[in-house]
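Here, each number is a calculation from the coordinates, and none is a lab measurement. Quick caveat, the model's predicted, so the values are computed rather than measured. All Cβ positions, glycine included, derive from the backbone under ideal geometry; neighbour counts span all protein chains shown.
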Amino acid sequence: MRTRFLLTALTVLPGCVSTATSIVKAPFQVAGKAVDWSTTSQEEADRNYGRKMRRAEAREGKERRAWQQRCRRDPDRCGPYDGYVAGRDAR
């Protein structure tokens, strides 16, 4: 009788222990996911900065080409470029 009880307990208890462990770990896992979603990783920040700089450089290139075109049409009224420069703008 006693051995039958021990054998039954040994087969049922590992399932209970793993379930209890899962229940205990769940709040920490949820909190970890919330922190991951609410913060920006360094890789993501670098990617966003790179995207911002590419857009700024494209804007500068477009404005410089327009300035060069105006200078070719009317060289007397052409002064030094004073338009947008990528990387010089305030953050």
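With the simple spin-label model, which puts each label point 7 Å out from Cα in the Cβ direction, the ARG70 to ASP36 separation comes to 5.1 nm.
The modelled label-to-label distance for the pair GLU63/ARG88, using points 7 Å beyond Cα in the direction of Cβ, is 0.8 nm.
Normalised by 2.2 N^0.38 Å, with N the number of residues, the alpha-carbon radius of gyration of the stretch 26-91 equals 1.96.
Shown in residue order for the stretch 62-74 are the 3J(HN,Hα) couplings computed by the Karplus curve 6.51 cos²θ - 1.76 cosθ + 1.60 at θ = phi - 60°: 5, 5, 5, 5, 5, 5, 4, 5, 4, 5, 5, 6, 9 Hz (x for Gly and Pro). Charged neighbours of THR39, selected by a Cβ distance under 15 Å, balance to -2 (K, R count +1; D, E count -1).
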